[in-house]
Amino acid sequence: MKGSIILWLLLLLSYAPASAQCKTWQWPESEQHAQEHYAIFQDAIQSKQYRKAANALPWLLNHTPNLNVAIYVKGVDAYEHVADAESDPAQKAALVDTIMMLYDLRMTHCGEVGFVTNRKALTAFKYKVKGPDPWSVLEWMDKAFELNGSNVFDATLLPYMQTLVICQAKEKRYNEDQILKRYDIISKAIDDKMKTVTEKTQAEKLSKIQSEVDDWLLRIVKVDCEFVKTYMGPRFHESPEDFVLAKRILAYLLKNKCTDDPLWVEAAEAVYKQEQDYGLAKNIAIQYSNSGNNEKAAFYMGEALRVAPNRKDSAEMYLLQGEWNQHLGAKPEAQSLLRKSIQLNTESKEAYEKLGDLYYSSFDDCAQHKVMADDRAVYCIAFDYYQKAGNQHKMEMAKKLFPSMEEIFLVNYQRGQKIQVGCFINESTTIKTRD
């Protein structure tokens, strides 16, 4: 039966009339005879005697191909059950070929080409994608998307990408442009569907599908920074609330060390709205600081400090704020922030070093140009902080700018003598000399 029905179906297709809709029942003149055959077919389906139903189908297709779409829907169902139960590979393949032809007959006699092509593509994926010819599945997937566009079934979105990957893994027939063209088609369909969904669960489902599509793409295409900007950036700009997409952009750009790209900051802000993470806020602040957007930098530094989970992280944030204020020339503010950092983490050598840098760079700010020994005291106190930081190189650097013996002699200072450093520093140190 399996081999002969394929030949018979081919003959039936070759003589098929023009397509017509099969929404209503179109009984032939010998209605009673047709009803009897349909009853046998229907009873077999309802009693789950699928092989019997498959055997009853040829008469209906031969004598009443326009009877109703139900004979095709139920016919495919019957043959799928028979195929699923078949253990012989050759017989199973013949049954699957019959299913494919039933779809073709349905399109010929009943129309709905886009809808049925979509179903045929999914059935082809189910039975053929792991076989010797996955490219035939991809051909039907291509047709399904060509005919249906963004109205393609949701269930076809991921299988289309999976089919492409399986084909490319089996034999590299497609260049990157051909791969990405199909990826764009899938992503556009998902984006269009996202614009029309009204339920949160459906939106989450589509976002998950896009995430899985992206994962499959990684198997055959290198996702570098340029790819993220070209293919993911536009999607994000259209749907900046897409949390999953924003997180993937962050991950890809971070992996490829492209966090200085404006897209990273945009995606990071979108993620931060839903996940108020200290590390994320800190890095957003750093990026805005580097780009000169002081308002945004200040905001995210404050956010990072607000959500910091422990004293060590708070100390790190005060340190960053101190560096930033020093860069802006706000040295008193920088000093206050660096002191707070040290108070929270007394073991932070970096905070001591940064405070030393602040004082080392303050000669022009604080010098009175009356007593050189007093003016050079900023280097003595900078030395103290470099020493606490354990930075020998900077200690030597500061030492070269200590007052000379002659300069302290002129004002009756002694080595080791305590001295108050004025200006915004307002701390004490001891007199040290460079010679």
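The values are calculated or read from the model by the stated rules, or taken from the named source; none is laboratory data. These figures come from a predicted structure and were not determined experimentally. Cβ placement follows ideal geometry from the backbone for every residue including glycine, while neighbour counts extend to all protein chains displayed.
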(request) Give the residues of the stretch 161-173 that are over 11 Å from Trp135 (Cα atoms) and without any contact (Cβ under 8 Å) to a residue 40 or more places away in the chain, sorted by residue number. (result) Lys172
(message) When you check Glu333 against the structure, is it surrounded by fewer than 20 Cβ atoms within 10 Å (Cβ to Cβ) and in contact with a Leu (Cβ under 7 Å, 6 or more places away or on another chain), yes or no?
(response) no
(request) Quick one: count up the residues across the stretch 288-313 that are polar (S, T, N, Q) and crowded, with 20+ Cβ neighbours inside 10 Å. (result) 1
(request) Give the stretch 235-259 a look and list any residue that's part of a loop (DSSP other than H, G, I, E, B), among the charged types (D, E, K, R), on the phi < 0 side of the Ramachandran plot and over 11 Å from the mean Cα position of the chain (by Cα), or say none. (result) Glu241
(message) Which count do you get for residues in the stretch 350-393 that are polar (S, T, N, Q), outside any helix (DSSP H, G or I) and surrounded by fewer than 19 Cβ atoms within 10 Å (Cβ to Cβ)?
(response) 2
(message) Condition first: of a type in the set (Gly, Ala, Ser), in contact (Cβ under 8 Å) with a residue 40 or more places away in the chain, out of contact with any Cys (no Cβ under 9 Å at 6 or more places or on another chain) and buried (at least 17 other Cβ atoms within 10 Å of the Cβ). Can you find one or more residues in the stretch 189-198 that meet it?
(response) yes
(message) Kindly evaluate Glu347 against the criterion of being crowded, with 17+ Cβ neighbours inside 10 Å and at pLDDT below 95.
(response) no
